[in-house]
1. How far apart, in nm, are the 7 Å Cα→Cβ label points at D158 and L49?
2. Work out the charge dipole of the stretch 32-168 with +1 on the Cβ of Lys and Arg and -1 on the Cβ of Asp and Glu about the Cα centre, then indicate which of F78, G43, L137 is farthest towards its positive end.
3. In debye, nearest 20: dipole of the stretch 28-110 around its Cα centre with unit charges on the Cβ of K, R (+) and D, E (-)?
4. With 10 angstrom as the radius, rank F71, F78, F47 by how many other C-beta atoms surround their C-beta, starting from the fewest.
5. Tell me, what ³J(HN,Hα) does each residue in the stretch 63-74 have, in order and in whole Hz, if you take phi through Karplus 6.51 cos²θ - 1.76 cosθ + 1.60 with θ = phi - 60° and put x for Gly and Pro?
6. Dipole size in debye (nearest 20) for the stretch 73-139 around its Cα centre, Lys and Arg Cβ +1, Asp and Glu Cβ -1?
Amino acid sequence: MARVNRTDTRLDSPKGLRANFVPRFESRDRFGRATEWIARNMGTPAFLLGLTIFCLLWIIYNSSAPVAWRFDTSKYGFTVLTLVLSLQASYAAPLILLAQNRQDDRDRVQFEQDRQRAERNLNDTEYLAREIVSLRLSIKDMASKDFIRAELRSLLEDLDRDKTPSAD
């Protein structure tokens, strides 16, 4: 049975425009993590120091080695070294952009989660404020301890008056 390519069945792109010459990565996340690792390590002092040492060794070797052993002469301005550094820079920029895009996506998700959490906190706070107001109104209608004592005293006085014989 023939296997249908998923890019051929997509309706959001014209047929034939999506070429299959670009390799499909099994895990886009693995590739993304690799680009982040590379971008993160390119910005370290160790990388800069290593690149500087690499360039110095390249220049020293191609300047002081016997002419037959040299592969990049200063006569032509170290052309191969220039090409190697250009290649490194041409890969560095897209890798850094990929890492930044992934970070932007994470920031966007984090921002949305923070917004939802803040909205829930606001709703909870408003609910609790309404409950507190409701309790205060309920307490306002409740009899206080002093009011109950005064009522009991007046009832006791009425009972005492009823118990005492009248002199009429």
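All of the numbers you see were taken from the coordinates with simple rules; none came from a lab. Fair warning: this is a prediction, and the values are worked out from it, not measured in the lab. Note: ideal-geometry Cβ built from the backbone for every residue, glycine included; neighbour counts use all protein chains shown.
1. Distance between the two pseudo-spin positions: 9.4 nm.
2. F78
3. In total the dipole reaches around 120 debye.
4. If I rank by nearby Cβ atoms, fewest first, I get F71, F47, F78.
5. Couplings: 9, 10, 6, x, 4, 5, 8, 6, 10, 8, 8, 6 Hz.
6. 260 debye
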